[in-house]
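Each remark here refers to the structure printed beneath this line.
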Amino acid sequence: MFTPRASRSIYSPFAATRSSKSSSSGRRSVGIFSTGKRTPFASRSPAINKSLLHTSQIVEESSQYVVEIYGASLPVLITEALTLADRTTETSVKIDPNGWAWLVCGRRLFAWRYKQTHVVRSTLCKELPLPPSDLSHKCDLVSVIPSSDGGSSVSVMAVSPDGIIRYWPSLTNEGAFVETSADLNGEECFCLTAVQPYGYILATTTNQLLILSPASSGMQNTVSCRQLSPNKGMFSRMSSFIFGSQRTQSAQLAAHCILASVDEIDEDDEDDIRYFYALIGNVVQKWQLSHGGNEKIVFECHVEKYMRDHFIQEMDVSGVEDSNQIKVWMLDMQLVRGGIAVLGAAYDTRAVMPTMCYAVGIFDMSANDAPCNTTAFSLLQYSVRYQESNEDKLLSHCLLISDYNSRTAYMYASSYVICLTVAGKEASYDKIDFRSPGDCLLGSGSCDKIPIFFSNNHGLVTLKGQESKVLGPDISAVSETSFTSESIFGGGTPARPDRVEEMSQSEDSTLRLKAAFLHACKHNLDHAQAIVNDLFPSSDVTVEGAGSTIDITVATLSREIIDDFPASDPRWAESVPHDAASSTTSLILLHQLEDKLKAHDYFLSFLKNTDLWDKLTVVLNRDHQLSTHQLLCEHAEKLTAAISLRGHHTSFPNVVDAAIRKVLQHRGDTHVPSGLSPQDLFYRELSRIHEIVEALLEYEQDMLNTHLALHDQLTLISNINTIVEGMLHEAWQFRQSKALVYQSTNSSIAQLEFIPWTASTGPKGMRALLVRQHSLVLEYGINETEDVQWRGTLFQQLLELTDILLDGYLAQLESVKEKHSEDSDQYSELKHVYEQQRYVLIIPFVEQSQLERAASLAEKYCDFNILVKLCEETDNQERLQRYMNQFAEKGFTDFVFKWYLDEGKRGKLLSQPLPRNQQAALGQFLDSHDHLSWLHDIQMNSYSKAHDTLKRLAFKETEQFSRKKTLISLSKLSALASDEVQEDEIQDLIDEQILLAHQEALPVNVLHSLQIDQDTMPPFSAMNLIQLYCSEHNSSSNEYDFKKSLDLLSYVSKEDAEYEELKLHIWCQSIKKDNWTQIQGPEPLASCEHTIFFRTLGLAYDQGLDLHEYLPDIDTLLSSDELGDLRDSSHFQYLIRAGYEQIERVVT
C-alpha cells in the first residue's frame, strides 16, 4: 500500500498553526463539527454552538462543486483534542488511502480508522505519545500501516523533527514501542513515507534520504536506520551534489522537497523491485529499491526546465531574452497513471504588476530513461497578483489527485480548495473557500478515488461535482485599459485638477472616492489607489451587518453615476450642483443613457482594480439587506431598462409622456425648469426608473375606464405590454449575462435573500403590478376579442410577462433555499405561494387552448400538474414520456404516478408503456401502495414479490371475506409461479385457505340468525368460527360441526390461555346436544353411542385425530360449569366415565 502524499512542502498550508486568519477573536474559534451528528460536543465550547446551524450534510457549495461531510462522526478523542487545543498548538492531519487517518496535535498523536471494514471498526481510535522534541511535530513524519495479510494488526512509525524514531508494532498496545535515533547530526527531518515491504523512507530538509526497516526476532522488535546511497557511475556526480560536499547548495534546493511513493512491483523480477520519486528542489529523482539493500537512482528529470518553457509559451509573455526572467517554483507532486503530475508556479520578473500563475505538468516516468518533456501541460486560469511580501502565501499550495484516471485535480491552501479540470492547454477551475470563523484545512488525502480534506470546523469532508454545471472561465467586466474615455466625469464641465485635488481632501467619503475614480479614469492608477487606501484602510474593513462606510460610499457614488446631470446640456446649467461632474458629453438623451452605462462599467472596473470589490459586503435597500455587488448590478440593470424605455418612447410617445407626467406628480416635481421637459427630469434620475411601470398601469386603467373602442382598447393594452416587458426583459437579460461579473468573491458575506427589483414585493412592488397587468390583459384584452391575430399577440405578451414574474419568484426562492435550506419554514411558505401563483398564471393558457404556450411555461418552471394535464387532454403519451426523461431527477415520474392515483386512473397507471428504468421507478412508487404493486410485480414477472405483497394484504384484510379469499388464492398462484418461494410458505397459504373454507361452510341458519350477509361478511378468526359452529344459533349441529371445531383448534396456539377453554367448550356443547337422563336400558353404553358426544369421538378417532390431545381430562370435563345440572347426575357421570374407559382401551 503506497502513500500518494508522503510529504509536504515547506510552503505547505499545513506547516503553520491552524488558527484561521479570518477569525477575529484572540483565541481560535474552534467550531468543531457543525453537523447534527456531532452535537454531543457542542457544550464544550461556545464557538461550537455557533457552528451547529448546519443540519444537512452539505457544508459549502460553489457553482460546480459541493462540500459534503465524509463518513461517520469523528472519534471523541479527536473532537476533544481539537476543542481543547489553543491557537498556538500546531495541528496537522494525514488521510491515507489505506483507510487510516492520523492527527498530530502538539506532542499527541491520534490514529483512527475512518473507513469501515469487516476487520476493523471505523470508530477505533488510539492516542500515542510522540518522541520529545523542541521542534513542532507534524503528521508528515508519521505513517500508519495495516498488516499486509489483511489481519487486524496495525503498525505505527513516528519520527520527531530532530530524528528520534518510535515504532509501535501494534497500535492496540500503545505502551510497547521501540525507540531509536537516526543520528542526523543536527539535521531536521522533513517527511516519512512508507515503501513496503522495505520499510520507510525518511527525508531531511537537507535532502538526506534514510531507510527505516522494522524487524522482529522472537519477542524482540528493532528498527534499523541507514542512509540511502545511489550506485556509483553516471549518477555519482549528482549523488555527490546532493549528499556530499555540495550539501550547502543542495540545501538551498531542499526548500521545495516533496517525496512521493509509488506502488510499482516488477512482476518479472524475483527481487520485488519498488520505485519511489523524490522532488528535490526543481529536479525529480526516480529511485529503485530491491532486496539485499540495493538501491539506485534510475534517472533524474529536470522538470523545472520543461515547466519553464511551457510557462513562457502559455503565459503569453513576449521579449524574453533570458528564460530566468520567468521565475519558476515546483510546489508539489502527485502520482498519475504511468507517471507524475507536478504543480508549478511562475511569474514574469519584468512586469510592473506581476501575476503569479499556476500550472500542472504531466511527466511519463514509466521508462528507465528520463522524459524529455511533459506529456501534457495545463495552465490554470486561476492567478493572483504577486508581491514579494506574500510570496510564502502564494507558494503555499499543494496538489491532490484522488483518481489517477480522472482529469480532475485539486490545488489547495489552508483556507480554500481550487478544483481543476485539466484538459488541453488551459485548466478551468472552481474555488471553494473555507473562511468561516475558526475554519481552516488541517490536512488532505484520498480514499477509493474520493478526495478528502480535514476541516477544522467540519472534520472529514469531500468534494463532489455538480454534473448539471460546467466549469468555465471567469469573466471580467472591464479591463484596466478601459479607463480611456475622456467623457467620464468630464464633458462640458470638466473636473479641473485643482477641483479633483480638493475633492480628494474632502471630509465627504463619497467625494474622496469620486476623486479616486477620476484619477483612475485619467490613468493615475497609483494616485487613485493611494486615495482608496487612505479612505478605507484594510484594518477598518468590516463584514458585519449592513451600512458599513465602504458599502454606503460605493453605493452612493454608484447611484450618483446613474443619476448624474448632463452637464454638457446648457439647459441644465442652473440645475447642475457645483460639485457635480458628468459622465457624458452628449446632448442626445439616448446617448446620455448609454454613456451612463459605460461610466458605470468603468466604475465597476475601478472597484476591482483597487481591491475594493472584495471588501464590499451588504447595504440596506428597499428595507431589506442586499449584497452591495447585487445593488451595483441593479443600478446597471436600471440603466439598460431606461435605454429600452427610451427606445419605446419614440414608438409610443403619448403613452410614455402621460406616464412620465404621472411619475413626476407622484414625486412632487410639478415644476419643470425653463427650457427642460418632463422627459429630461425623468430620465435624469434613473435609480427610480421602476416608478414608470406603476404610472403606465395607472394610465392604462384610466383610459380603459373611458370606454374606448375595442381596437383602441386592444392597442393600448398591447402597447403597455410592449413597454413594460421590454424594460424588464432587458434588465433580466443584463443580470443573466453579467452574473459572473457581479459575483462576489468575499465568502464572509452571509447568504442573503435576494429579491430582484424586477420582482419587488409590496402593494406597489413590481410583482403586484405584473399580476395586475396579467389579469387586465385577460379581462380587457383576450376575453374581449375573437380576432386570431389580436389573441395571438396578446397571448405572446402575456407569456412574456408571466415568464418575468415567475423568474423573479424563482430567484427569490433559490436565495431562500441557500440561506435557510429547503426544510425551513421560510422556504416552505414561499414555495407554497410560488406554486399557487404559478398555477394561477399558467392555467389561463390551458383554459384558452394555448397548450404550447402553457407547456413552455410549465416546462421552464416545473409545473408538473399542468404538464400532466396537457398530456392527458391531448392523449400524448410520447410527450409524457419525454417529460419523464427530462424531469427524472426532479421527481416528475413519481408525480405522474401519484396524479393517476389521485385521479382514480389506476388502470392507466399500470398499463403505461414505460421503459425499464421507469418500470423500476413505478415499482418503487407502488411499494407504498400494496393494493396495486402486486399487479405491477406480476407484469414484471416478479412473482415472489407479488406473493409477499398479496400475502401481506390478505393477512391484513379484516373487512371482506371474499376479498381475503381472493388475495390468498392469488398469493398462492404467485408463489407457485415463482422459483424463489419455499414450500413452507405455500403450506401457510394452504392452511389459510382451509380456515377460509371452514368459514364458507358455516350453516346458513347460523348466518341468518346473526344477520350476517354471506356476500359482505368479514373474515372470522378460528376462535370466532369455533364459537359459531358450537353456538346455540347452530340448532342443527351434529358431529361434523363439532369435528370442524376440533379441527379449528389447530389455528389456536396451545400457549394461548383460551386454548383449553375452547377445547372444553366444544365437548361440553356436544354433550348438551342430547338428553342424557333418557338414556336407559340394560346396556347403557350401547344406548349412548348415538349421542353427538360419542359420535364426535368416533368421527375424530376414525379421521386420525389424537384423542389424548383433543379430549379433555375426565374430571375437568365433568366439573365444567357449562354442563349445569348434569354434573350432579351419577347416571351421567357413569356413562361418561364408562365411555372414557372404553375409549382408553381402544386407543391403547
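What is the distance, in nm, between label points placed 7 Å from the Cα along the Cα-to-Cβ direction at Val1004 and at Ser224?
It works out to 10.3 nm between the two label points.
Leaving ligands, DNA and RNA out of it, work out the accessible area of Val320 with a 1.4 Å probe and give it in Å² to the nearest 10.
Approximately 40 Å² for this residue.
Would the stretch 763-814 count as rounded, prolate or oblate if I go by the C-alpha gyration tensor, calling it rounded below 1.5 in a/c and otherwise prolate when a/b exceeds b/c, oblate otherwise?
The shape class here is oblate.
If you take the beta carbon distance between Arg667 and Ser506 as r and set R0 to 25 Å, what does 1/(1 + (r/R0)^6) give as a FRET efficiency, to the nearest 0.05?
0.30
Show which lysines lie in cross-link reach of Lys305 when reach means a straight Cα distance below 16 angstrom and same-chain residues fewer than eight apart are skipped.
Lys327
Tell me, what HN-Hα J-couplings in whole Hz come from the Karplus equation 6.51 cos²θ - 1.76 cosθ + 1.60 at θ = phi - 60° for each residue of the stretch 958-974, using x for Gly and Pro?
Taking θ as phi minus 60°, the curve returns 10, 9, 10, 5, 5, 5, 5, 4, 5, 5, 5, 5, 5, 4, 5, 5, 5 Hz for the stretch 958-974.
May I ask you to derive the FRET efficiency for Val1147 and Asn941 from their Cβ-Cβ distance with R0 = 45 Å, giving the value to the nearest 0.05?
Working: r = 52 Å, r/R0 = 1.15.
Efficiency computed from Cβ-Cβ geometry: 0.30.
Sort Asp863, Asp807, Asp712 by accessible area with a 1.4 Å probe, largest first. Can you show the working numbers first?
Values: Asp863 5, Asp807 30, Asp712 80 Å².
Solvent-accessible surface, decreasing: Asp712, Asp807, Asp863.
Semi-axes of the stretch 58-100's equivalent ellipsoid from the Cα gyration tensor, sqrt of 5 times each eigenvalue, largest first, rounded to whole Å? Before the final figure, lay out each step's value.
Numbers: eigenvalues 113, 50, 28 Å².
The three semi-axes for the stretch 58-100 are 24, 16, 12 Å.
When only the heavy atoms of the protein chains count and the probe is 1.4 Å, how do Leu400, Leu901 rank by accessible area, highest first?
So, going from the largest accessible area down, we get Leu901, Leu400.
Taking a threshold of 29 Å on the Cα-Cα distance, which of the pairs Lys965/Lys1063; Lys464/Lys860; Lys945/Lys1063; Lys945/Lys1044 fall above it?
Lys945/Lys1063; Lys945/Lys1044
Ordered by residue, what ³J(HN,Hα) values in Hz, to whole numbers, does the stretch 281-296 give under the Karplus form 6.51 cos²θ - 1.76 cosθ + 1.60, where θ = phi - 60° and Gly and Pro are x?
Residue by residue, the stretch 281-296 yields x, 10, 10, 9, 9, 9, 9, 10, 10, 8, 5, x, x, 8, 9, 7 Hz.
When Rg is the radius of gyration of the Cα atoms in the stretch 1090-1143 and Rh is its Kirkwood radius, what does Rg/Rh come to?
0.97
Could you please state, rounded to a whole Å, how far the C-alpha centre of the stretch 1043-1112 is from the C-alpha centre of the stretch 998-1016?
Between the Cα centre of the stretch 1043-1112 and that of the stretch 998-1016, the gap is 24 Å.
For a quick protection proxy, order the peptides 874-886, 179-191 by their average other-Cβ count within 10 Å, most packed first.
Going from most to least packed, we get 179-191, 874-886.
If I take R0 = 35 Å and measure r between the Cβ atoms of Arg499 and Ser383 in this structure, what FRET efficiency does the formula 1/(1 + (r/R0)^6) give, to the nearest 0.05?
It comes out at approximately 0.40.
So how much slack lies between Thr706 and Leu590, counting 0.36 nm per residue of separation and subtracting their Cα-Cα distance, in nm?
Here the answer is 38.4 nm.
Dividing the alpha-carbon radius of gyration of the stretch 628-779 by 2.2 N^0.38 Å (N being the number of residues), what value is obtained?
Relative to the 2.2 N^0.38 Å estimate, the stretch 628-779 comes out at 1.14.
If one computes P(r) from the Cα atoms of the stretch 171-228, what percent of pairs lie at distances over 19 Å?
Taking all Cα-Cα pairs of the stretch 171-228, the fraction more than 19 Å apart is 35 percent.
Is there a pair in Lys431/Lys608; Lys615/Lys831; Lys138/Lys286; Lys138/Lys817; Lys126/Lys393; Lys94/Lys286 whose C-alpha atoms are over 30 Å apart, and which pairs would that be?
Over 30 Å Cα-Cα: Lys615/Lys831; Lys138/Lys817; Lys126/Lys393.
Solvent-accessible area of Arg499, probe 1.4 Å, all protein chains present, reported in Å² to the nearest ten, please.
40
Keeping all protein chains in place and using 1.4 angstrom, which order do Asp614, Asp430 fall into by accessible surface area, from largest down?
Most to least solvent-accessible, the answer reads Asp614, Asp430.
Could you sort 366-375, 1132-1141, 945-954 so that the peptide with the highest average Cβ count within 10 Å comes first and the rest follow in order?
With the highest mean Cβ count within 10 Å placed first, the list reads 945-954, 1132-1141, 366-375.
Would you kindly give the portion of the calculated P(r) for the stretch 339-435 that falls above 16 Å, as a percent of all Cα pairs?
Numbers: 2744 of 4656 pairs.
Here the long-distance tail beyond 16 Å is 59 percent of all Cα pairs in the stretch 339-435.
Rounded to the nearest whole Å³, what is the per residue volume of the convex hull around the Cα atoms of the stretch 783-885?
With only Cα atoms used, the stretch 783-885 gives 106 Å³ per residue.
Based on the Kirkwood radius over alpha-carbon pairs, what is the Stokes-Einstein translational diffusion coefficient of the stretch 1045-1116 at 10 °C with 1.306 mPa s viscosity, in µm²/s?
Numbers: Rh = 13.4 Å.
The calculation lands on 119 µm²/s.
Label points 7 Å out from Cα along the Cβ direction at Tyr1051 and Asp1015: separation in nm?
Once both label points are built, they end up 2.4 nm from each other.
The values are calculated or read from the model by the stated rules, or taken from the named source; none is laboratory data. Remember, predicted model here, so these are calculated numbers, not experimental data. Note that each Cβ is placed from the backbone with ideal geometry, even for glycine, and that neighbours are counted across all protein chains shown. Surface accessibility is based on the protein's heavy atoms, side chains included, excluding ligands, DNA and RNA. Shrake-Rupley method; radii C 1.70, N 1.55, O 1.52, S 1.80 Å.
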